[in-house]
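So the structure is just underneath, and the comments pick up after that.
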Amino acid sequence: ALPETEQVDRVSNAMTDAGVAIGGFGLLPVESSALVSELAEKVFAGKGRKSRWALLVGQHETGGLRQVVVKDGNLALTRLTPTSDAGPSGPGWVEDAVREFKATTNYISRFGYSPEDGLDVVIICGDIEKQFFKPSEMGVSHFQCLNLNEAMRHIGVKASGNEKNNFADALHAAWISKNGRLKLPVRVPSLHRVMAPRLAAGIGSLILALGVVGFTGLSVESYIGYSKTQGEIAQKQNQKSLQEREYERETAEFDKLPIQPAVVRSAMAVKEMLELNTVNLAPILARLKAAMGGDIHLEELSFVHEAAEALSDNPNGSSAMRFGVMQQSNPRGTVKISFAFSMPDNTLLEQKVKRAEQLLEGLKAQFPEYKVSITSQFGGFSREGSRTGGIGDVGGGGGGNAKDLAQFQMEGAPF
């Protein structure tokens, strides 16, 4: 930390009044040591052997001639001498600068400088002051006077209008600003109290600016997406309009037909319904005849076709639908066949019952997908073995002229 002095207080007060962000506090000789080496390399490149020593001379606007000496790139000496009565410019200033330069060479000789090491000298002055310097009187290997614009260009900073400026303050400031960071930052309590809040405010402003940029980017992206969606909607609407016009043209063509498409569709639906609701009895009767054989006389036969629920509830439809649900189990309904048969009168009752049971098993084999049952057995026999009528009867159990019949019932899907 640097102790509080009158000059430091002046700097702190000036920074407070300026209201600008403060990046740090450094001392000029230390921060400008690299500037001396940079200028010496750029100005005297290709002019013989490289010197180990380099010197930068410049006048400060606040008064005082600043000299910064480096050896092998390291700070060796700095001198700040007050301005004489001759003033900060003109021939009198040149005489003071030459005199102080020679005093500096005497100082650095005590630190091991010798003419054999080589000394590069750069003086920052105006174009008027350049005319009064005589390189032959300087006694060094390399000597060059630069105005402020020329020095700025050597360090990569553009400047103009400073040809007559005899002060080097702007050069030191440009060098530190170009590097972006201090070589040896110094903490000053009074200045830090001003610097910290402004630094935080600057960081906050940067974050806010980045947030605004991000929000703007999202807004632009959202707008682009919105515009794209609007374009797609407009395109779909155009396609819809084209398809509606095409549909109207096609509909107009159908109106010219002698029979309207709706009538054709209704007729086809009725045809399909009738096909689904029509049963071919030939296959069923063929199987039934094969199962009965030649010893049975068919007395009665009845046939009932019950339409499926979908056809019953929606007789005009062609699909097996009920309440909007497909009915896939039995779309053609159910066939119920009832028949009765007799056997010769001289056949014993036990043989008739046995023949009916054989026929039941035969029908189940011929119609595996049907439900087959005996609704009435010969002689009034039940499946549990009880009967009505007299023992030893050969014919029917009721007497008289009534025939003794066995009645069957079959139920299943149409073929």
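Here, each number is a calculation from the coordinates, and none is a lab measurement. Remember, predicted model here, so these are calculated numbers, not experimental data. FYI the Cβ positions are ideal-geometry reconstructions off the backbone, even for glycines, and counts take in every protein chain you see.
Okay, here's what the table says:
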item	result
Hull shadow area, averaged, segment 26-184 [alpha-carbon convex hull, nm²]	8.8 nm²
Label-point gap, in nm, between F303 and K371 - each point 7 angstrom along Cα→Cβ	2.2 nm
Ascending count of other beta-carbon atoms within 10 Å, so fewest first, for V94, V140	V140, V94
Mean separation of Cα contacts under 8 Å (6+ apart) over length of segment 26-184, as relative contact order %	28 percent
Dipole magnitude (debye, nearest 20) for segment 114-168, charges at Cβ of Lys, Arg, Asp, Glu	300 debye
Charged-residue dipole, Cβ positions (Lys, Arg, Asp, Glu), segment 26-184 about Cα centre, Debye nearest 20	480 debye
Pairs beyond 29 Å (Cα-Cα), from K47/K164; K236/K271; K42/K134; K71/K130; K102/K130; K236/K256	K236/K271; K236/K256
Under 17 Å from the Cα of K158 - aspartates and glutamates, other chains or at least 8 residues apart	E38, E150, D169
Aspartates and glutamates with Cα under 15 Å of K289, excluding same-chain neighbours fewer than 8 positions away	E299, E300, E361
